[in-house]
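The values are calculated or read from the model by the stated rules, or taken from the named source; none is laboratory data. Since this is a predicted model, take the numbers as computed values, not measurements. Glycine gets a Cβ as well: all are built from the backbone with ideal geometry, and neighbour counts include every protein chain shown. All accessible areas refer to the heavy atoms of the entire protein, side chains included, with ligands and DNA or RNA removed. Shrake-Rupley method; radii C 1.70, N 1.55, O 1.52, S 1.80 Å.
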Amino acid sequence: MIAQFVLTAMLAGIVLYAWAQYRQSPIVGLLASGAALIGIYFVWIPSHASELAALAGIGRGADLVLYVWVVISLLVILNLHLKLTSQLELITVLARRVAIDQALAVDLPNNRARDGRSSDKSGRDIRRRV
Amino acid sequence: MPAYYARDTWVVIAAFNEAWAIGNVIGGLTSEGYRVIVVDDGSADDTAVVAADHGAIVIKHPFNLGQGAAMQTGLEAALLNGAEFIVTFDADGQHRASDVPQLVTALVKHRAHFALGSRFLDLPAVNLPPLRRVLLLLAAVFTRITSGLKVTDAHNGLRAMTRKGALCIRLRQNRMAHASEILNQIANCGLRYVEVPVTIEYNQYSMAKGQKSRDLLMILLDLFARRLHQ
């Protein structure tokens, strides 16, 4: 009984986490929350887990719960990967801004405009200051 | 190509450790009257210095971000300069400056937003390894299925775009998958495109520097991960 409460609490935590992530990664959020809810169901009705496990050729119901947990873990890792990708995007935007601003600010002789055409469309001309 | 087009054509080159080759590449372009922007993507060698010495505008990323990120930086810089036509060009010398007029002329002639270079139309790809040919053809089929664009060469870095076309492009794929991302955005924005035969000349240097066959797997993974994420 204690194990059931502990597992339920952990799986409920996953459901909350998946719900919080839904906006950023809808597919991962749905899959993780679905897997966690299935896990909760099997924790409280292990006989169904055993029947399904036998049907799937896994063996014991406990093994099925374990596999569900592994799937959840992989989905959480995938979500972390996506979050890192998202952070990298922000860093890229920032680095790009820094690079272009430096090009605007630093006046290297080799990069000065060679043709003398001034910018009349955008109001900025980095050819003069790169 | 009329001088007017040359004056309004900006060539964007993303470069990473290309000090050996980039001087000749820039020289071939500036001699035709094009303005060249080199985005040095955190090179450890003298790429930025060589590029500046050969007359290019150099924008230097503080660290390596990837070819797609450098390409987007170059596009934004060209737009800031009021470019009417933007050409993307590889830094390793496998593209020919003589193909640029055909691309820009095709934009005007067909009133297209993008002129996409293809190595599989009329002109031959010089020294193209057979395995790479097969993978590139598979990539083109994949692009046809996913984007609906009827292209023959999905991963050709030589392409031209109008200002309007460039404004529609926002590359979020920092690495090699940006080529597929551009095609997807062309399709999503409903932009007009035309394919133009270009010559790609593979040499020992470009083969060592360019995409490897195994990069295809990373490209597919990057594209898949993007679909999972908002």
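The accessible surface of the stretch B:3-228, taken with every protein chain in place and a 1.4 Å probe, is 57 percent carbon and sulfur. Residues considered: B:S31, B:S98, B:S147. Largest GNM mean-square fluctuation over chain B, using C-alpha springs under 10 Å, is found at B:S31. Ligands, DNA and RNA excluded, the heavy atoms of B:D122 present near 130 Å² of accessible surface to a 1.4 Å solvent probe. Peptide B:173-181 has a mean of 1 when you count, residue by residue, the C-beta atoms of other protein chains within 10 Å of its C-beta.
Find the relative contact order for the stretch A:2-79 and round it to a whole percent, using C-alpha pairs within less than 8 Å whose residues are 6+ positions apart. Provide the component values of the computation, followed by the final result.
Numbers: 84 pairs, mean separation 21.6, N = 78.
Contact order relative to length: 28 percent.
Report the antiparallel proportion of the DSSP beta bridges in the stretch B:3-228 as a percent, rounded to a multiple of 5.
Numbers: 7 of 29 bridges.
Rounded to the nearest five, the antiparallel share is 25 percent.
Identify which of B:L65, B:L131, B:L220 has the largest mean-square fluctuation in a Gaussian network model of chain B, with springs joining Cα atoms closer than 10 Å. It is B:L131.
Legend: mean number of C-beta atoms from other chains within 10 angstrom of residue C-beta atoms, peptide B:17-26, equals 0. Annotation for the B:A interface, with buried accessible surface near 2900 Å², both sides summed [1.4 Å probe; non-protein components not counted].
Which FRET efficiency value, to the nearest 0.05, is calculated for A:W44 and B:A44 with the Förster distance at 56 angstrom and r the Cβ-Cβ distance? Kindly include the intermediate steps, with their values, before the conclusion.
Details: r = 58 Å, r/R0 = 1.04.
The computed FRET efficiency comes out at 0.45.
For A:K83, the aspartates and glutamates whose Cα comes closer than 14 Å to its Cα, not counting residues fewer than 8 places off in the same chain, are B:D222.
Mind checking the mean number of beta-carbon atoms from other chains within 10 Å of the Cβ atoms in A:90-99? Before the final figure, lay out the partial values.
Details: counts 0, 5, 11, 3, 1, 9, 12, 2, 3, 15.
Shielding by partners across A:90-99 averages 6.
Find the relative contact order for the stretch B:3-228 and round it to a whole percent, using C-alpha pairs within less than 8 Å whose residues are 6+ positions apart.
Details: 445 pairs, mean separation 51.3, N = 226.
Once divided by the residue count of the stretch B:3-228, the mean separation gives 23 percent.
Accessible surface calculations at 1.4 Å, restricted to protein heavy atoms, place the stretch B:83-155 at 44 Å² per residue.
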